[in-house]
Amino acid sequence: LKEAKEHRPPLDCRPLLENSVCETLSLGTLPPLCYLNESVLEQTASERPDQEKILTQTAASHSDLIAGVYEGGLRIWECTFDLLGYLESEGVTFSGKKVLDLGCGAGLLGILALKRGAQEVHFQDYNSTVIEALTLPNVLLNIEEEEEEEEEEEGEGKSSSPSPKRRATGLQTRAELARCRFFSGDWASFLTLLLSSDPPPKYDMILTSETIYNTASYPALHAVLSQLLAPVGQVYLATKAHYFGVGGGLHLFQSYVEEKNIFSVKRVKDVEQGLQRHVVLLSFKERD
């Protein structure tokens, strides 16, 4: 287990974007989402801060999961795209809401919420390296993209706009980052850390993808959801039906949730291509 901690963006964000190669995801009516190229991230692992050494370990072992060491946050998994597609098709709104991207990895779900007007977006991943080397840079890339679009609309054009490194230290960037918080660590200690706040945060929406593959994590995950979700909040969970070789999956998680009798569970989207995948909506049960 990894003790939870908060990661505050450095005053000078320019080093986070050095030698970065980004890609852009465009999906329906969603705003473009920028993210670091995974292959380049691996190839430049030796040049990046990595106290956990997970970048070199995953490259050496060619593994997407090292139990208790690395929980897969450097990859964007299929179910993240499923959930983004569902949010787009249903026109889910984020304006004025407090949002948690739980097990965020690249942070695309939280970044969408940020672009769509969320009041606050908090990002959490098991690994501190994922937060520092991937999530935070991705947030910066998307803030820059919006700044550049605004400059173009004002007629200044790309040629007159500041360089990405300069924009990463601008006042507007700092203001956007002030709407975000970044955390690493296991879910049990993450919950303890947030509950120590006065008052503890309550999220209108919790977004989470590919996080129920390990049945041993269900108690901690359920505790986070039940104690941090606002009374009328909603949890959007994207998952595979079953995770071969790991043991978890939707049926086992739904059985665990139903046994606890705190949340109602509604399957809102099924994807039949390849491994069967689902998007599930959790909300508190109404009490008499």
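The values are calculated or read from the model by the stated rules, or taken from the named source; none is laboratory data. All figures in this text were calculated on a predicted structure; none of them were measured in a lab. Every residue, glycine as well, gets a Cβ built from its backbone with ideal geometry; the counts of neighbours run over all protein chains shown. Surface areas here come from the heavy atoms of the whole protein model, side chains and all, with no ligands, DNA or RNA. Shrake-Rupley method; radii C 1.70, N 1.55, O 1.52, S 1.80 Å.
Quick notes on this one:
- Spatial extent of the chain: Rg and Dmax, with the Cα atoms as the point set, Å: 18.6, 62
- Our estimate of slack between Gln172 and Ser26, defined as 0.36 nm per intervening residue step minus the Cα-Cα distance, is 50.2 nm.
- Net length available on complete extension from Asn37 to Ile262 is 77.1 nm, with 0.36 nm assigned per residue and the Cα-Cα distance removed.
- Largest-first ordering by accessible area, 1.4 Å probe, given options His251, His242, His7: His251, His242, His7
- ³J(HN,Hα), Karplus 6.51/-1.76/1.60, whole Hz, each residue of the stretch 5-20, x for Gly, Pro: 8, 9, 10, 9, x, x, 4, 9, 8, 4, x, 5, 10, 5, 6, 8
- Most mobile listed residue (Glu210, Glu38, Glu23) in the chain, GNM with C-alpha springs under 10 Å: Glu23
- Centroid-to-centroid separation of the stretch 113-133 and the stretch 178-248 [C-alpha atoms, Å]: 13
- Fully extended contour minus Cα-Cα distance, from Ala67 to Ser89, at 0.36 nm per residue: 4.4 nm
- Proximal lysines to Lys266, defined as alpha-carbon separation beneath 25 angstrom and excluding residues fewer than eight positions away on the same chain: Lys97, Lys98, Lys202, Lys240, Lys285
- Considering all different alpha carbon pairs of the stretch 95-146, the Kirkwood hydrodynamic radius works out to 10.8 Å.
- Check: the chain dipole with +1 on Lys, Arg Cβ and -1 on Asp, Glu Cβ, in debye: 860
- Against the empirical curve 2.2 N^0.38 Å, the C-alpha radius of gyration of the stretch 223-271 lands at a ratio of 1.23.
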